[in-house]
Amino acid sequence: MPVYEYYCDDCGPFEALAPMSKFSEPCACPDCEKTAPRVMLTAPKLSMMDSSRRHAHATNERSADSPKKSSHGPGCGCCGGGQKKNSKTLYRPDGSKSFPTKRPWMISH
């Protein structure tokens, strides 16, 4: 369970464990039992996190409101969709094929 910070008007800030499903609900102050709203007094400790987990957090944040977009326009031939790439096969008038840029010892079928 994560630790959340709360601020009591009478007693000041305190921390308490709460399930993630109740992250936005206020918590009772341990000293005076009044309800205290959740606050964020300290920044998350992302610098102490390993790089793969930090990368996953960044990916999740980015994909929530701005998904990754392709920089290529419609009809781009390099991404699969769109135009076909030029064939490097040489077709002769007698029906035989040749591959000038491939291995010269290969026999065409």
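Values in this text are rule-based calculations from the coordinates and carry no lab data. The shown structure was predicted, so the numbers you read here are calculated from the model rather than taken from an experiment. Note that we place each Cβ from the backbone using ideal geometry, even for glycine, and neighbour counts take in every protein chain shown.
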### Query
Out of segment 29-51, which residues are aliphatic (A, V, I, L, M) and touching a strand residue (DSSP E or B) at 6+ places or on another chain (Cβ under 6 Å)?
Ala36, Val39, Leu41
#### Entry: Members of segment 1-15 that are in contact (Cβ under 8 Å) with a residue 24 or more places away in the chain and of a type in the set (D, E, K, R)
Glu5, Asp9, Asp10
### Task
Please enumerate the residues belonging to segment 1-49 that are aliphatic (A, V, I, L, M), surrounded by fewer than 10 Cβ atoms within 10 Å (Cβ to Cβ) and within 20 Å of Glu61 (Cβ to Cβ).
Met20, Met40, Ala43, Met48
### Task
Check segment 15-22 and report whether any residue there is touching a Phe, Trp or Tyr at 6+ places or on another chain (Cβ under 7 Å), of a type outside the set (Gly, Ala, Ser) and assigned to a loop (DSSP other than H, G, I, E, B).
no
